[in-house]
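Colleague: Here you go, one structure.
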């Protein structure tokens with residue numbers, strides 16, 4: 001017997017750079033995993049049925065780098081450079097956050113992600129117990145890191161995040177995993193990075209960090225430390241454990257070789273990188289160097305949405321445009337960045353990111369009957385270049401249905417919206433001299 005049977009879906013299969021569809025197939029789910037994918041499975045064998053005729057079944061999308069609660073600051077820092085974005089807008093406003101604010105902000109972000117077909121995300125923020133609570137209640141899958149900075153209380157911060165990581169590692173029936181989150185080499189000293197690396201090794205935890213977001217950061221690191229941010233972090237010992245680096249928009253050839261040699265994964269966030277004018281992750285170059293790459297949204301304060309298909313679309317278009325080569329990053333390769341590539345970045349390769357027997361049943365069903373999706377000459381291409389978040393009809397994580405017929409089943413969206421709106425005015429207040437950290441001025 002099966003717990004759930006998805007009937008008659010067109011099933012997306014990605015193999016390397018090739019994407020194809022198995023037309024009119026059934027997907028059987030048992031104990032949270034995909035038990036079978038076949039042309040016809042008897043409906044009498046299942047406790048529950050989803051008729052998915054006219055829909056595309058795809059692996060749940062993976063958001064490889066985000067700050068889900070930052071949707072609370074959507075639209076407050078538009079058309080400003082990155083130093084103003086941090087020092088005059090976001091980091092002053094974030095001092096207003098309470099734990100409950102972060103809980104409701106995270107639920108807002110998770111609701112948006114589910115409605116866009118995202119089933120798993122890597123989050124790097126504050127008050128992570130509240131983020132974990134939101135993940136647990138909503139039913140999604142996540143890799144969680146509590147951001148830490150250098151300063152007089154850095155050891156207290158580190159001990160707090162270690163306690164959090166131990167508390168939540170493997171929680172929510174294994175849907176929650178944890179790692180350490182030193183913010184970046186420009187907010188953490190080399191000595192503190194080395195201390196975090198030591199703690200990560202001792203606790204068998206990975207690392208999630210921002211690296212080489214701007215050319216100025218790389219130049220400053222070379223001027224101050226005599227090495228790039230990637231080399232600095234390597235020398236601090238962080239790459240001795242599984243590491244996820246966000247952005248890496250300005251790697252040198254040596255940086256790419258270092259990351260490939262140490263198995264460092266990179267989360268590209270093209271919309272944020274373009275919007276802030278800081279340069280975009282060279283995805284194809286990194287992939288050719290042997291680096292695993294996934295797609296991230298970053299926070300909605302810089303990205304404005306959590307649409308991972310949009311991120312994959314942007315990267316595909318940017319790579320084709322910048323190289324003047326329409327054959328670069330074909331449909332299958334671009335879609336893999338949002339699925340199996342993201343899964344590998346989060347250490348979930350072979351567990352999620354594909355629709356095949358034995359993997360976790362993290363599945364999104366997208367409707368194909370909208371005008372922008374027809375005619376269906378090439379369904380994978382339509383998914384990459386035409387699909388919208390509103391096309392997502394049903395979302396399943398570990399065999400549990402989180403959204404069905406566009407109705408969220410694990411989140412009270414109306415209450416989330418009321419809570420967020422009630423907090424919005426207070427959260428945007430700024431007080432002189434109060435901010436989470438300081439973004440270094442350009443030399």
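Colleague: Of everything in the range 32-78, what is out of contact with any strand residue (DSSP E or B) (no Cβ under 9 Å at 6 or more places or on another chain), over 22 Å from residue 172 (Cβ atoms) and in contact (Cβ under 8 Å) with a residue 12 or more places away in the chain? Give them in sequence order.
Modeller: Within the range 32-78, 72, 73, 74, 75, 76, 77 meet the criteria.
Colleague: Further question on the same structure: Looking only at helices (runs of 4 or more DSSP H) that lie completely in the range 91-186, which have at least 1 residues being out of contact with any helix residue (DSSP H, G or I) (no Cβ under 8 Å at 6 or more places or on another chain)? Let's see the steps before the verdict.
Modeller: Details: elements: 91-94, 99-115, 128-138, 154-168.
So the answer is 91-94, 128-138, 154-168.
Colleague: For the range 383-398, does any single residue satisfy the condition of being in the same structural domain as residue 310 (by TED's automatic domain parsing) and under 22 Å from residue 8 (Cβ atoms)?
Modeller: Applying the first criterion (in the same structural domain as residue 310 (by TED's automatic domain parsing)) to the range 383-398 yields none.
No: the range 383-398 contains no residue that is in the same structural domain as residue 310 (by TED's automatic domain parsing) and under 22 Å from residue 8 (Cβ atoms).
Colleague: Any idea which of 329, 286 is crowded, with 20+ Cβ neighbours inside 10 Å, part of a loop (DSSP other than H, G, I, E, B) and at pLDDT 95 or above?
Modeller: Result: 329 is the single residue among 329, 286 that is crowded, with 20+ Cβ neighbours inside 10 Å, part of a loop (DSSP other than H, G, I, E, B) and at pLDDT 95 or above.
Colleague: Could you run through the range 352-380 and say how many residues are farther than 17 Å from residue 116 by Cα and surrounded by fewer than 18 Cβ atoms within 10 Å (Cβ to Cβ)?
Modeller: Here the count works out to 9.
Colleague: Determine, yes or no, whether residue 230 is part of a helix (DSSP H, G or I), in contact with a strand residue (DSSP E or B) (Cβ under 9 Å, 6 or more places away or on another chain) and either more than 21 Å from residue 62 (Cβ to Cβ) or outside the structural domain of residue 145 (by TED's automatic domain parsing) (or both).
Modeller: When the stated conditions are applied, residue 230 passes them.
Colleague: Would the range 17-33 turn up any residue that is modelled with pLDDT under 95 and assigned to a loop (DSSP other than H, G, I, E, B)?
Modeller: Checked against the condition, which is being modelled with pLDDT under 95 and assigned to a loop (DSSP other than H, G, I, E, B), the range 17-33 yields at least one hit.
Colleague: Which condition from (1) closer than 16 Å to residue 287 by Cβ; (2) within 16 Å of the chain's Cα centre (by Cα) is the one that residue 272 breaks?
Modeller: Of everything listed in (1) closer than 16 Å to residue 287 by Cβ; (2) within 16 Å of the chain's Cα centre (by Cα), residue 272 misses just condition (1).
Colleague: Looking at the range 95-124 only, could you name the residues that are closer than 25 Å to residue 265 by Cβ and either surrounded by fewer than 24 Cβ atoms within 10 Å (Cβ to Cβ) or more than 18 Å from the chain's Cα centre (by Cα) (or both)?
Modeller: Result: 112, single match.
Colleague: Looking only at the range 144-154, which residues are buried (at least 24 other Cβ atoms within 10 Å of the Cβ) and either closer than 16 Å to residue 342 by Cα or out of contact with any strand residue (DSSP E or B) (no Cβ under 7 Å at 6 or more places or on another chain) (or both)?
Modeller: Listed by number, the list holds a single entry, 144.
Colleague: Out of the residues in the range 332-351 that are under 16 Å from residue 143 (Cβ atoms) and assigned to a helix (DSSP H, G or I), state the one that is nearest to the chain's Cα centre (by Cα).
Modeller: Result: 342.
Colleague: Applying the selection to the range 205-227, what residues are at positive phi and either without any contact (Cβ under 8 Å) to a residue 12 or more places away in the chain or outside the structural domain of residue 251 (by TED's automatic domain parsing) (or both)?
Modeller: 226 - this is the single residue of the range 205-227 that is at positive phi and either without any contact (Cβ under 8 Å) to a residue 12 or more places away in the chain or outside the structural domain of residue 251 (by TED's automatic domain parsing) (or both).
Colleague: What residue, of 284, 280, is in the same structural domain as residue 207 (by TED's automatic domain parsing) and in contact (Cβ under 8 Å) with a residue 40 or more places away in the chain?
Modeller: Working: 280 fails: in contact (Cβ under 8 Å) with a residue 40 or more places away in the chain.
Being in the same structural domain as residue 207 (by TED's automatic domain parsing) and in contact (Cβ under 8 Å) with a residue 40 or more places away in the chain holds for just one of 284, 280, which is 284.
Colleague: May I pose another question? Any idea how many residues of the range 182-209 are within 13 Å of residue 151 (Cβ to Cβ) and within 23 Å of the chain's Cα centre (by Cα)?
Modeller: Residues in the range 182-209 being within 13 Å of residue 151 (Cβ to Cβ) and within 23 Å of the chain's Cα centre (by Cα): 4 in total.
The values are calculated or read from the model by the stated rules, or taken from the named source; none is laboratory data. Keep in mind that this is a model prediction, so the values were computed, not measured. Neighbour counts run over all protein chains shown; Cβ positions are idealised from the backbone, glycine included.
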